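Undergrad: Quick one: this structure, given as structure tokens, is what I'll be asking you about.
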Amino acid sequence: MFDKNSIDELKEKKSAWQSKLNEQVKKRPERQKEFSTDSGINIEAVYTPAELSDTASLDLSLPGQFPYTRGVQPNMYRGRHWTMRQYAGFGSAEETNKRFRYLLDQGQTGLSVAFDLPTQIGFDSDHQLAMGEVGKVGVAIDSIMDMETLLDGIPLDKVSTSMTINSPAAVLLAMYIAVAEKQGVTPDKLNGTIQNDILKEYIARGTYIFPPDQSMRLITDIFGYCAKNISNWNTISISGYHIREAGSTAVQEVAFTLADGIAYVQAAIDSGLNVDDFAPRLSFFFNAHLNFLEEVAKFRAARRLWARIMKERFGAKSPKSLMLRFHTQTAGCTLTAQQPDVNIMRVAFQALSAVLGGTQSLHTNSRDEALALPNEDSVLIALRTQQVIGYEIGVADTVDPLGGSYMIESLTDQIEERAMKYIEKIDSVGGAPKAIEYMQKEIQKSAYQYQLDIESGAKTVIGVNKFTMATEKPKGLLKVDPAVGERQVARLAKMRAERDNAQVDAILGKLRKASGTNENLMPYFIEAVKNYATLGEICGVLREEFGEYRQQIVF
Amino acid sequence: MEKPIRVLVAKPGLDGHDRGAKVIAQALRDAGMEVIYTGLRQTPEQIVQAAIQEDVEVVALSSLSGAHLHLFPPVVKGLRENNAQDILVLGGGVIPDEDIPPLKEAGIVEIFGPGTDTKNVIAYIKKAKGV
């Protein structure tokens, strides 16, 4: 980018400048002894072209071109904005449907379904372990009947839907396909995403059911089925979000997420799929945390590293296989219960980092989420925050506007390099499925350090350890109707009484048999849900056939 | 040297958020206590059994899924039924203010919300145990 002589000259100049600065700092110390990012990358006082790598122009390239550092599309948000997609779901399918319609009316452009914990763990609402959890952190879906209510009046050929569902993802996808069919929409017209990322459930999120091998089989069944039948569906959303929420650094977030991605690609190739048939439908999900510049660099580094891995390690040929497309959510763990309106500002900066990092879709958290599920007023501010970024402040009018910033490029290089070191370490122990406890330990160390830094004051959290004041908790927090559980159980009992139970038994028997073979299970799930077999019944069969995952306690 | 305080950190219900539970577990350990962590998805009955078997003096429950009113009180009840009412039961997580009085009434002695300094939890336990 710059000729070698002028860089050498600049390096000398900077070294002299730095010595002078060091003298000055001795007399008048800086605010902090050291400046570093959340990942512990040292931050210099100033960055110059001397910090760019020798291969900077190749590493950067152009948007829409390998290695995609600057974005996956040539014109990015000049074509259209990122999808504004607020994660929502609570109580019954009816209540959640109402929230979805409200969000769409306010200009939201995609849906994102939050399921309750029993649904995520494959239990029906009347299961003993579901007591007290039904409808609490998301919507309860027991059968296709609930799914129909959830999606009532929403045109599935026009709206894209993301579903945060992992272990039982295949069953929920089957319900979605079946409901679409009832609406007259064929699978090839469907757009959306299932999270379907079991490895990060073992590592950081906790809604696992089956052991790793069987879980990976369900995932590759989905890849295979979708490649043939729902070619626009994102078959997985490989998630760093929860790894970061569990306390990892930005570098660990990139490294562990891509290590999980490598494991999925390898499993699919091992099951006989061709990499360019399924890789274009892999998608990712990252966190937007507080350290603004590091976050922008993180998204860029992840994109470049994945492109290189897919090309060099897996020999992918299709450009779409090389593109890391991702959803972003602002960091829930940075929201404070104290002075909650300040969270609006945190979310805005985090969201801006995701946009400057080239995200494909975005969820902005609401100010009241350290206290409860968000109420309608808070969700509206969160959505409007995205709209301000997209429509008012001009950052969407050019591609990768921070590209070429010496600081951002230097950080991007360092994050890529450090993440690659972690990936090599994970490879050396046999890949992500074998490194679950290792990753948990690393995350935990970072999480504890983060807490210690807050308690020592090394890290500032406004309202918690600095600029504190006594404030009243906000009024009007959302409270999930405690009767939702009982209503859901009654609805389920009625459905069970009215369906053809002999038919359900026969279909579940067929599924049981197929689960012991190499057959793709997706068609069995679709037949089962169409005949009103419940999520708990289907997962129950698989629990018996596959066994259940037992967590190793790492601490 | 005095016998260290033994604490069971437990995750009742289906909630998978264990960052807070693990941070607390580590902080209590660093403060010289002996800490056992149950891992995820424990029923109240399993927690009661573990508390008795491990002979702990404190049970620290963590839940962020909103099911605390269903999951915390049965732990206290189970301990009482097993003649282990002297075990101190604490709670933490995302717990709305209005749920705190019924939890305290049920015998959960203190609730620690988001943003709690671990030093406060340590101090609370030490004071309650007369250390």
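Undergrad: Mind checking the full-extension length gain between residue A:397 and residue A:445? Use 0.36 nm per residue of separation minus the Cα-Cα distance, one decimal, nm.
TA: Gain in length upon complete extension: 13.3 nm.
Undergrad: If you stretched the chain out fully between residue B:30 and residue B:116, how much longer would it get, using 0.36 nm times the residue separation minus the C-alpha to C-alpha distance?
TA: 29.3 nm
Undergrad: Further, regarding this structure: How far apart, in nm, are the 7 Å Cα→Cβ label points at residue A:105 and residue A:57?
TA: Taking the simple label geometry, residue A:105 and residue A:57 are separated by 5.5 nm.
Undergrad: Right, here's the next one. Give the calculated FRET efficiency between residue A:25 and residue A:494 to the nearest 0.05, with a Förster radius of 56 Å applied to their Cβ-Cβ distance.
TA: Once rounded, the FRET efficiency stands at 0.15.
Undergrad: Could I ask something else about it? For A:468, A:83, what's the largest-to-smallest order of accessible area, 1.4 Å probe?
TA: Result, largest first: A:468, A:83.
Undergrad: Give me the 1.4 Å probe accessible area per residue for the protein assembly as shown, excluding ligands and nucleic acids, in Å².
TA: Computed with neighbouring chains in place, this is 42 Å² per residue.
Undergrad: Would you give the gap between the C-alpha center of region A:117-137 and the C-alpha center of region A:454-476, rounded to a whole Å?
TA: If you average the Cα positions of each part, the centres end up 34 Å apart.
Undergrad: Please report the relative contact order for chain A, taking Cα pairs under 8 Å with a sequence separation of at least 6, and give it as a percent rounded to a whole number.
TA: 19
Undergrad: Under 23 Å between alpha carbons, and skipping anything fewer than 8 positions from residue B:77 in its own chain: which lysines qualify?
TA: Within reach: B:11, B:104, B:129.
Undergrad: May I ask for the accessible area buried between chains A and B, both sides summed, probe 1.4 Å, to the nearest 100 Å²?
TA: Approximately 3000 Å² gets buried when A meets B.
Undergrad: With label points built 7 Å along Cα→Cβ from the Cα atoms of residue A:78 and residue A:152, find their separation and express it in nm.
TA: Placing both labels 7 Å along Cα→Cβ, they lie 4.6 nm apart.
Undergrad: Still on this structure, I have one more. Compute, for region B:6-128, the length of the dipole vector about the Cα centre, with Cβ point charges of +1 (Lys, Arg) and -1 (Asp, Glu) only. Units Debye, rounded to 20.
TA: About 240 debye.
Undergrad: Further question: How big is the dipole moment of the protein assembly as shown about its Cα centre under a simple scheme where the beta carbon of each Lys and Arg is +1, that of each Asp and Glu is -1, and everything else is neutral? Debye, nearest 20, please.
TA: Result for the protein assembly as shown is approximately 1000 debye, rounded to the nearest 20.
Undergrad: Taking the alpha-carbon distance from residue A:434 and a cut-off under 21 Å, which lysines remain once sequence neighbours fewer than 8 residues away in the same chain are dropped?
TA: A:200, A:421, A:425, A:445
Undergrad: Run lengths n ≥ 4 of DSSP H only: what is the helix-derived mean residue ellipticity at 222 nm for the protein assembly as shown, with -39500 (n - 2.57) per run over all residues, to the nearest 500?
TA: -14500 deg cm²/dmol
Undergrad: So how tilted is helix A:436-456 from the main axis of chain A? Cα-based, degrees 0 to 90, rounded to 10.
TA: 60
Undergrad: Related question: Considering amide H positions built from the backbone, and no H for Pro or chain starts, which residues 5 or more places from residue A:288, or on another chain, come under 5 Å of its amide H?
TA: Amide H to amide H, under 5 Å and 5 or more residues apart or across chains, residue A:288 pairs with A:329, A:330, A:331.
Undergrad: Please check which bits of region A:41-61 a label hung off residue A:6 would reach, taking the label as a point 7 Å along Cα-to-C-beta and the cut-off as backbone N under 11 Å.
TA: Only A:49 fall inside the zone, counting backbone N under 11 Å.
Undergrad: Further question: Could you give me the ³J(HN,Hα) list for region A:520-537, computed from phi with Karplus coefficients 6.51, -1.76, 1.60 and θ = phi - 60°, whole Hz, x at Gly and Pro?
TA: After applying 6.51 cos²θ - 1.76 cosθ + 1.60, I find 5, 7, 3, x, 5, 5, 5, 4, 5, 5, 4, 9, 6, 5, 8, 4, x, 5 Hz.
Undergrad: With a ≥ b ≥ c the root eigenvalues of the C-alpha gyration tensor of chain A, is it rounded (a/c under 1.5), prolate (a/b larger than b/c) or oblate?
TA: Taking the square roots of the gyration eigenvalues as a ≥ b ≥ c, chain A is prolate.
Undergrad: Also, quick follow-up: So how do B:126, A:475, A:14, A:494 rank on accessible area, 1.4 Å probe, biggest first, that is with the largest at the start?
TA: Order by accessible area, largest first: A:475, A:494, B:126, A:14.
Undergrad: Another question, if that's okay. Please list, in order along region A:147-157, the HN-Hα scalar couplings obtained from phi with the Karplus expression 6.51 cos²θ - 1.76 cosθ + 1.60 (θ = phi - 60°), rounded to whole Hz, x for Gly and Pro.
TA: 5, 4, 5, 4, 9, 4, x, 10, x, 6, 7
Undergrad: Cut-off 10 angstrom, C-alpha nodes, Gaussian network model of chain B. Which of B:103, B:28, B:14 fluctuates the most?
TA: Sorting by GNM fluctuation, first place goes to B:14.
Undergrad: Name the residues whose placed amide hydrogens come within less than 5 Å of the amide hydrogen of residue B:34, ignoring near sequence neighbours (fewer than 5 apart) on the same chain.
TA: B:5, B:6, B:7
Undergrad: Same structure, new question: If you rank A:127, A:81 by how much accessible surface each has, with a 1.4 Å probe, what is the order from largest down?
TA: Per-residue accessible area, sorted high to low, gives A:127, A:81.
Undergrad: Roughly how far apart, in whole Å, are the Cα centres of region A:1-73 and region B:1-64?
TA: Comparing the Cα centres of region A:1-73 and region B:1-64, I get a distance of 46 Å.
Undergrad: I would also like to ask the following. Give the lysines reachable from residue A:33 as a straight Cα distance under 21 Å; neighbours fewer than 8 places away on the same chain don't count.
TA: A:14, A:20, A:459, A:466
Undergrad: What length, rounded to one decimal in nm, is gained on full extension from residue A:228 through to residue A:269, with 0.36 nm per residue of separation minus their alpha-carbon distance?
TA: Fully extending the segment from residue A:228 to residue A:269 adds 13.2 nm.
Undergrad: With a 1.4 Å probe and all protein chains kept in place, how much accessible area does residue B:71 have, in Å² rounded to the nearest 10?
TA: Here the accessible area works out near 20 Å².
Undergrad: Taking the simple approach of a point 7 Å from Cα along Cα-to-Cβ for both residue A:472 and residue A:94, what is their distance in nm?
TA: Going by the 7 Å Cα→Cβ label model, 3.4 nm.
The values are calculated or read from the model by the stated rules, or taken from the named source; none is laboratory data. What you are looking at is a predicted structure, and each value in this text was computed from that prediction instead of being measured. Here Cβ is always computed from backbone atoms with ideal geometry, including for glycine, and neighbour counts include all displayed protein chains. Note: areas computed on protein heavy atoms with side chains; ligands, DNA, RNA excluded. Shrake-Rupley method; radii C 1.70, N 1.55, O 1.52, S 1.80 Å.
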